[in-house]
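The values are calculated or read from the model by the stated rules, or taken from the named source; none is laboratory data. In this text, all values refer to a predicted model and were calculated from it rather than measured experimentally. Methodologically, a virtual Cβ is constructed for each residue, glycine included, from the backbone with ideal geometry; neighbour enumeration extends over all protein chains shown.
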Amino acid sequence: MLRIQTLVLLSIVFIFACGKPQSKGTSYCAAGGEELSVAMDAWSAAYAGKARPPQYEGRGNRTATIALKEGVCEMGASSEVLPDEDIHAIVSAGKKAVAIPIAIEAIAFIVSSDIPATSISHQQVVQIFARGEQDGASLGMTGKIQAYGINSATDRYHWIRKDILGAPFSDHVREMSGPLALADRISQTSGGIGYARPREAGSARILSVGTQKGVVPASLENIRSGAYPFTRRYFMYLVNPSQETRAFVRFILSDEAQKQLLPIGLYPLDETGRRESLKLLDQIP
């Protein structure tokens, strides 16, 4: 029932926002994750001086599946690889969705100034955020640490729970309203640790990540190359894209558009990744 209600609402939104569908049955518009809303706004504003930008509705990654399956839009934006069941739903509707990587997100673990550790391992992250470990000894601190997270309704929360922790968050983790509030609390709290995009860290200190290959800082180079482990790619899924849609996606992979990601806390693809994305776009029949 909820899925049907979401589809009806989405269809109404795009009928009014995008006008009549093209002859293929879809419109020059996009639906998808709210994490991509700021990037899409920035890209659309820059593209408006060149051509007509698409309408975007950021209502969650699953709406990308609905929009593509039902032929509402040619573009579906997602902050994760769509689940197999979603791809199957699109294929069952007689469509083929091509996933084009368009941006990178990184998450950093940040600490208050009284925690002496300079790095943290994946195992330590799991111990603190999934198992509720409060002993600060592993981070070089005498006493207890206090872990903070953000609103459990957010896409970022679910990403960390599923792909980094592999388990639910511990009840020990205190929930904050958002990343800026979290970073502010940690900077003022003894023994505080939390997670945020590197750009959101504020005065809190960012920990490097200990891996089997050594300690990896959350630098631009390491994030773009994939050496830094706590990252994910954002995707634009395309179904039967028109020339207008192809031109817009080509634009968001341009130097101009990729440079707009850093100010909003995301990262551009490296040159190899961008060439691969453009190749995927060019190979669509």
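Structure values in brief
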read-out	value
Some residue of the stretch 237-251 being assigned by TED's automatic domain parsing to the domain that holds ALA137 and either closer than 23 Å to ALA30 by Cβ or in contact with a Pro (Cβ under 6 Å, 6 or more places away or on another chain) (or both)	no
Matching option when the condition is touching a residue at least 60 places away in the same chain (Cβ under 8 Å) and among the acidic types (Asp, Glu), among GLU221, GLU200	GLU200
Residue match in the stretch 29-44 (condition: in the same structural domain as PHE251 (by TED's automatic domain parsing), farther than 23 Å from ASN240 by Cβ and free of Cβ contacts under 8 Å to residues at least 40 places away in the same chain)	yes
Conditions (1) touching a residue at least 60 places away in the same chain (Cβ under 8 Å); (2) exposed (fewer than 15 other Cβ atoms within 10 Å of the Cβ): number failed by ASP135	(1)
Out of ALA153, ALA117, ALA130, ALA106, sole residue that is under 20 Å from the mean Cα position of the chain (by Cα), hydrophobic (A, V, I, L, M, F, W, C) and at pLDDT 95 or above	ALA106
Residues being buried (at least 21 other Cβ atoms within 10 Å of the Cβ), within 24 Å of TRP159 (Cα to Cα) and more than 16 Å from the chain's Cα centre (by Cα) - total across the stretch 70-96	3
Whichever residue in the stretch 51-61 is buried (at least 18 other Cβ atoms within 10 Å of the Cβ) and not acidic (Asp, Glu) and, among such residues, is farthest from GLY94 (Cα to Cα)	PRO53
Close pairs from the stretch 153-172: first within 15 Å of SER78 (Cα to Cα) and in the same structural domain as GLU200 (by TED's automatic domain parsing), partner polar (S, T, N, Q) and surrounded by 12 or more Cβ atoms within 10 Å (Cβ to Cβ), Cβ under 6 Å, at least 6 apart	ASP155/SER79
Segments classed as helices (runs of 4 or more DSSP H), wholly inside the stretch 166-285, with at least 1 members that are within 22 Å of VAL81 (Cβ to Cβ)	220-225, 243-252, 255-258, 271-283
Lone qualifier among ALA48, ALA30, ALA64 - being under 18 Å from GLN260 (Cβ atoms), crowded, with 24+ Cβ neighbours inside 10 Å and not charged (D, E, K, R)	ALA30
Test: residue in the stretch 228-239 that is over 30 Å from ILE90 (Cα atoms) and not acidic (Asp, Glu)	yes
Residue check for ALA99: surrounded by 21 or more Cβ atoms within 10 Å (Cβ to Cβ) and touching a Phe, Trp or Tyr at 6+ places or on another chain (Cβ under 6 Å)	no
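Condition check ((1) surrounded by fewer than 14 Cβ atoms within 10 Å (Cβ to Cβ); (2) of a type in the set (A, V, I, L, M)) across all residues:
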| position | (1), (2) |
| --- | --- |
| VAL111 | no, yes |
| MET141 | no, yes |
| LYS144 | yes, no |
| SER152 | yes, no |
| ILE160 | no, yes |
| ARG197 | no, no |
| GLY214 | yes, no |
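Yes/no matrix, rows are residues, columns are (1) in contact (Cβ under 8 Å) with a residue 40 or more places away in the chain; (2) over 20 Å from ARG233 (Cα atoms); (3) among the acidic types (Asp, Glu):
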{"site": "THR65", "(1), (2), (3)": "no, no, no"}
{"site": "HIS88", "(1), (2), (3)": "no, yes, no"}
{"site": "ALA93", "(1), (2), (3)": "no, yes, no"}
{"site": "PRO101", "(1), (2), (3)": "yes, no, no"}
{"site": "GLU105", "(1), (2), (3)": "yes, no, yes"}
{"site": "PHE109", "(1), (2), (3)": "yes, no, no"}
{"site": "ILE115", "(1), (2), (3)": "yes, yes, no"}
{"site": "VAL125", "(1), (2), (3)": "yes, yes, no"}
